[in-house]
Each structure stands twice: as structure tokens, then as C-alpha cells.
1. So for segment A:95-102 (the condition being outside any loop (DSSP other than H, G, I, E, B) and either free of Cβ contacts under 8 Å to residues at least 12 places away in the same chain or surrounded by 21 or more Cβ atoms within 10 Å (Cβ to Cβ) (or both)), does at least one residue qualify?
2. If you go through segment A:250-260 one residue at a time, do you hit one that is in contact (Cβ under 8 Å) with a residue 24 or more places away in the chain, acidic (Asp, Glu) and assigned to a loop (DSSP other than H, G, I, E, B)?
3. Would you call A:VAL245 modelled with pLDDT of 90 or more and either surrounded by fewer than 22 Cβ atoms within 10 Å (Cβ to Cβ) or at negative phi (or both)?
4. Which condition number does A:ASN164 fail, the rest of (1) modelled with pLDDT of 95 or more; (2) within 9 Å of chain B (Cβ to nearest Cβ); (3) touching a Phe, Trp or Tyr at 6+ places or on another chain (Cβ under 9 Å) being met?
5. What number goes with the only condition from (1) under 26 Å from B:SER379 (Cβ atoms); (2) in contact with a helix residue (DSSP H, G or I) (Cβ under 8 Å, 6 or more places away or on another chain); (3) of a type in the set (Lys, Arg) that B:LYS339 does not pass?
6. Just the residues that are under 36 Å from the mean Cα position of the chain (by Cα) and either at pLDDT below 95 or within 11 Å of chain A (Cβ to nearest Cβ) (or both), please, taken from segment B:218-239.
7. Of these, B:SER42, B:SER11, which one is over 22 Å from B:LYS82 (Cα atoms), more than 9 Å from chain A (Cβ to nearest Cβ) and at pLDDT 70 or above?
8. From A:GLU30, A:GLU127, grab the single residue that is outside any loop (DSSP other than H, G, I, E, B) and charged (D, E, K, R).
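The values are calculated or read from the model by the stated rules, or taken from the named source; none is laboratory data. From a predicted model like this one, the values you see are computed outputs, not experimental measurements. All Cβ positions, glycine included, derive from the backbone under ideal geometry; neighbour counts span all protein chains shown.
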Amino acid sequence: MLQRDYTTSQLDVLEAEAIHIMREVAAEFERPCLLFSGGKDSIVMLRIAEKAFWPAAIPFPLMHVDTGHNFDEVIEFRDRRSQELGARLIVASVQDSIDQGRVVEDTGRRASRNRLQTTTLLDAIEEHEFDAVFGGARRDEEKARAKERVFSFRDDFGQWDPKNQRPELWNLYNSRIRKGEHIRVFPLSNWTELDVWDYIRREGIEIPSIYFAHTRKVFERDGMLLPDSEVVQRGDDEPLFEAVVRYRTVGDMTCTGAVQSTAVTVEEIIEEIAATRITERGATRADDRASEAAMEDRKREGYF
Amino acid sequence: MDILRFATAGSVDDGKSTLIGRLLFDSKAIFEDQLEAVERTSRDRGTEYTDLSLLTDGLRAEREQGITIDVAYRYFATPRRKFIIADTPGHIQYTRNMVTGASTADLAIILIDARKGVLEQSRRHAFLTSLLRVPHLVLAVNKMDLVDYSQERFEEIREEFTAFASKLNVGDLTFIPISALNGDNVVSRSENMPWYNGSSLLHHLENVHIASDRNLVDVRFPVQYVIRPQKANDHAFHDYRGYAGQVAGGVLKPGDEVVHLPSGLNTRIASIDTFDGPVEEAFPPMSVTLRFEDDLDISRGDMIARPNNRPHVAQDLDAMVCWMADGAKLAPRTKLTIKHTTRTARALVRDLHYRLDVNTLHRDEEATSLGLNEIGRVSLRVTQPLFVDDYARNRLTGGFILVDEATNGTVAAGMILEAR
């Protein structure tokens, strides 16, 4: 008799784990929401949510914390994708937080609204009384994240306490919280950047155009290529030039750099990433360069 | 390409960080900017070599105190496999972290310093590996370069450890002599040890057979979530009622006769649904949605099994418990919340039979409580029936966590030994 081999591919294992996590949240929390930025990780997370509850609709709203400094292509994609799914999209606006005096905007050349997002996010979680918030963060991204749980507990102030995390065993997740506290849930914890791209290829998922190589006016700062935009302040000593670039991550325009690339298909992107020797955050994120523990410090305050 | 999850046990002194660093570096999972950051920090601290432990010690407190606080997960891949490393620290909170890391591991690597041989902590690591039923164990005898690559020394350690391991439930045990620092037998076979005929460590990790480690015999499907589309305009799914979950054991096929617990009623699987279409079979770790031929009252926390192969339906459990809380202790009469598969109930500790010394395996029957990182055998009374298997038979239907109802913290991990 032919023995059936029950080997399961890495993408199937990761997908099954992420679906399990999403269903667990839907079953155990009253008001979950999914952070959807239009970036590749949240796009994959949305596909997993579609799969987890099919043929029913996704049983929670999507939320985007909009700095007002996002790329037009990504915002257009975000709105179109939410509409296709018939999902409710909540946009929490950093501009509103500034107008209401909740946060004060930085000034100067390196001003960025990246850090201000935390207040807007926490205010929105409180306003909508969300008790679970899905994020697309992965443990391979950054070393503080390598130690974060799948169900990451946040106190009344939205703070993460890395020294006091709940042990996580087997596929059992502790969802108990008090009112006012919440859990950040990371279904893609065990995925790597390459897994995300392999999955996008396998599933044939659409992604915003700025992930593919295109010609763009950019300028160089600290070895990063920043875009020409009215929201990015550029000095006279930072000349503009045209380059063929793509984005490896998409975030706020003021702190997200492009990489020089000619990759115009998902296959070419995968080849490029497999060969690259620099991490995605190292290559493209000014926000992580501030200090060795930049991510940890922001996470402690309640950042994504 | 499949996934192998492995846990590493050992302290910095055993060369664990160096070994992980080498595996990551040689498989190109460490990037230039990460290496530069580590080199910069090593230099700032006046360390002469590049301290690869800085790659995993990511938290501010860890770098300031030079210790590892928590389980760190690291990822690398070769053309054959993707690997997930649960890297657990070697000091005080060791037991709790190792138990956590080992709970999902297919394989554990225990590092031994060839000069020091089998120490108390090596025995502790081996015991925890067997307690958590990690199917494969690799004993990496490190620093072989410092004992002149002596076969005699390696054989001595092998014999001593084998004698100890015979008292434990170790499935598959492999010994590999290595030098993590020089790379001997890590990625490729070493020319320094011609007497060693086995695989290099990486070759072993790439080829160890894990597909049959899952329980593919006993059908277990804990119902996780009921799917009922409420789109009035979508007539195709108007009456759809599916039961979603992750298969915890066995192979399910459409047409199979199954039993629903707790009702004990039989029905047949009408269809196994996924977003990508119906499938012909479902097995661990697939997440699927089942539909049945009969309309039964099924909800989250229920179990689907085979009529002639059911889990125990039990409210009284005996289990080995690892206590993980800093402040409170576990003692008879303690009341806790138990989470087992998709079912949550309340549990009362009726009895603490003994506390186990994880170094000597001595059973202290006089013990009256379990503190942080202590392990013991307890009897629990649960408020509603759980559908359980012995942990040795199925890790997913035999494992549970206990939650403190005051602090909401996860305070214990349990492995079921016996159900009544």
C-alpha cells in the first residue's frame, strides 16, 4: 500500500496557524478590529481574515491610523480593497489629533508624524472600545518584536511590558483582560518577509503599485532615498534626482525610504529579497535608526 | 518545503549563542545591518570578539544587564526547510521559558561543553524535553576543539547521557560532536573528526523526519467557531452552518462517521470546506470548516471524534504542572481558570501528590505547594467535562494552561497523565 506523506508546506502551516489565531480572537473578544494600512503585511492579514470566516463576512471592522502623509497609491488601494470586501473601514486621523491639541507636531526638516500615531491609535481604541487589535507585525522584523507574544497584553495606557509577558504554550492563548485593557494580536508572528512575498505570489494577491519599480523624484538623506513631496521638508543641500525605485515597506512618507530596484513583478521582488543582505527596516525606516532600542521604546508607549 | 520548530537549551558558556549565530550566519539569515549593529555594540563595550548573543538579546534591560530575559524566536531557511528557533535563556527563569519553547518544538538541541561533560543542567534540560514530549533530541557535544577532538571523550559523554536518558521518555536521541566556534560539524562534516560518521548538525536538522510525529490516528477536532453567514442577499449560503477549527489529531474525510461530544450523537461529515474550495481530507495542523449531514446543536468548546475512538470525557484530571507565576503559589484548594483546546472552565486543585526535583528526579511527597519554576503532580476537579487525551498520546488534547482569576496571568502549563 502506498503510504500517504502528510508533510505540510511552510505556507500552509503558517496560514493554518494564522487562521486559528483569528478565529480564536473572533470567538473570545467582544470588539476586535484589524489594523489595515494598505501595506503588504496587513494585506496578507486581510486575506487570512477572509479565509478564516468564509463564507461569512469578516466579523470585525478595519482601522487605519492615517498620518495624512501616506502615499496616494496606498490610500487609494486601502479604500478600494475595503469596499470590495464590504468591510467597515475606520480612519483614525493624526491631523484630527493635532487639530484637537492631543499632540503637537514636530517642526523642522526631520519632522515626522510617525510617533504621533501612537496617541491617535490609543484614542481610537478607547473611543471604539476595542478589546483586541490585530497587527501585521512579524518577529523577524526587529529584535524587540522577536520576544513579543502572539497575544500581547496592553494595560490601560496601551503600554507593553516586555519583562512581564504571559507565557504562550501550544496553540493556547490567554484572552482574559479587564475593561480598558486590550490585547494586540499578531497572527503573522512566525512569518518572515520572504514568506509574506511567497504567499502574495501563491495567492495572486494585489498590492499597491509602489511596491514595484517605478521612476520617482527622490533625494538622499542618511543613505536613504526619500520622495519629493510637499509633506517632506527638503534642504537646499539635498538635491532632487530621478531614480528607478520601489518600496520594501510602506509607511509615512517622511520616514520611509525607497530602494533602487528594477523589480516589476512579484517573482522579481522575491529574487531580489532572497539576494539582499540588509533587513527591510534597516534599509528603509528612519524611525528605527534613532537608537538601538527605538522600536522597544515606541512599543512600550503603545506603538503598533 | 516544510517547517521544523526547534528549541535550544544551554547557557552562553556552552556556546549556544555562538552556535545559533553560526547557523543564522551560514544560512544568510543575518543581515549586514544587523551584524554591523552587533559589531558596533561589541566594540563600544570593549568586547574583543563579535558577541553574537547581542543578535537575540533585543530588549534594553537585557543589553544593560547582559542577560536574556525571555524566549526569543529566530528564523532561517535552507533550500530544504524553514526553521523556527525558540531560543531559551539558561538562568533563573529557565524552566518556565524552556517549557514554553519546548511546547511547540519538533526537536530540541541540548548543548554540552565537552570539557565539563554531563552537568546537572544538562539533565534538567533533558528531563524538560521529555516532559514536554519533544519528539527528537540532539545532544550537541560542543567545544570538541578544546579536547583535541577526542573520540574517547565524546564516547564517555555519550555513554553517561544515554544511561541517564534511559530513565526518561526520549523518542529519538542523536549525538553530534561539534565546535560551534570553528564550525566543525555544524553546517558541513568536519575533517578534524574523521572517526565521526554521522551527519553535521544542519544536515540532521534538514533531514530528520517529522511528518509522522503528529497524531494521525485519533481523530480530534475541537470546535473553535461557528460560521453562519448572515448575508440575506446571498442565497447560496442562506442556510450555511459550518464548524471551524484546527485539526488536533487524525485524518478526516467527507462521508466519515463521527461523534459529537458532549452530546454523544453520531453524524457524518458532509463536507470539509475552505476558502479555496472543499478538500478531500483534513489532518493536523490544517484549519478547516466542517459541515455535517445532521443538524446537531454544536458550539465552541465541543469536540468531534470517531464513534469508536473517543477522548476521555472527564472532570477529574491528574496532570504534571509547571508553575510559572512569580508571586502566588499553587497549593490544594487553589481555584483557577483552565483553558484546554477551545474550552474554558474553572478548576480546583484537589491534591498536590509530589513536587519533582528537576535535577535529580526525586519526588518530594511532603511538599505543600509549588512555587515559580517548580513542577509537580496534581489532581484537578473541573467545573465542566473536558475532552482529553493523555499528553503522551496527543500534545494538543493533552496540554492545558491555568490562568489566575485575579491577575489574569497565565500561571501554569499542564500535561495530562490520567483522566477519570
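1. Of the residues in segment A:95-102, the ones outside any loop (DSSP other than H, G, I, E, B) are A:95-99.
Applying the additional criterion that residues be either free of Cβ contacts under 8 Å to residues at least 12 places away in the same chain or surrounded by 21 or more Cβ atoms within 10 Å (Cβ to Cβ) (or both) yields A:97, A:99.
Yes, that holds for at least one residue.
2. To start, the set of residues in segment A:250-260 that are in contact (Cβ under 8 Å) with a residue 24 or more places away in the chain comprises A:250-260.
In the following step, the residues that additionally are acidic (Asp, Glu) were identified as A:252.
Within this subset, residues satisfying the condition of being assigned to a loop (DSSP other than H, G, I, E, B) are A:252.
Checked against the condition, which is being in contact (Cβ under 8 Å) with a residue 24 or more places away in the chain, acidic (Asp, Glu) and assigned to a loop (DSSP other than H, G, I, E, B), segment A:250-260 yields at least one hit.
3. Numbers: modelled with pLDDT of 90 or more: yes; either surrounded by fewer than 22 Cβ atoms within 10 Å (Cβ to Cβ) or at negative phi (or both): yes.
Answer is yes for this residue.
4. (1)
5. Status for B:LYS339: all satisfied but (2).
6. B:PRO222, B:VAL223, B:GLN224, B:TYR225, B:VAL226, B:ILE227, B:ARG228, B:PRO229
7. Numbers: B:SER11 fails: at pLDDT 70 or above.
Being over 22 Å from B:LYS82 (Cα atoms), more than 9 Å from chain A (Cβ to nearest Cβ) and at pLDDT 70 or above holds for just one of B:SER42, B:SER11, which is B:SER42.
8. Values: A:GLU30 fails: outside any loop (DSSP other than H, G, I, E, B).
None of the other options fit; the residue is A:GLU127.
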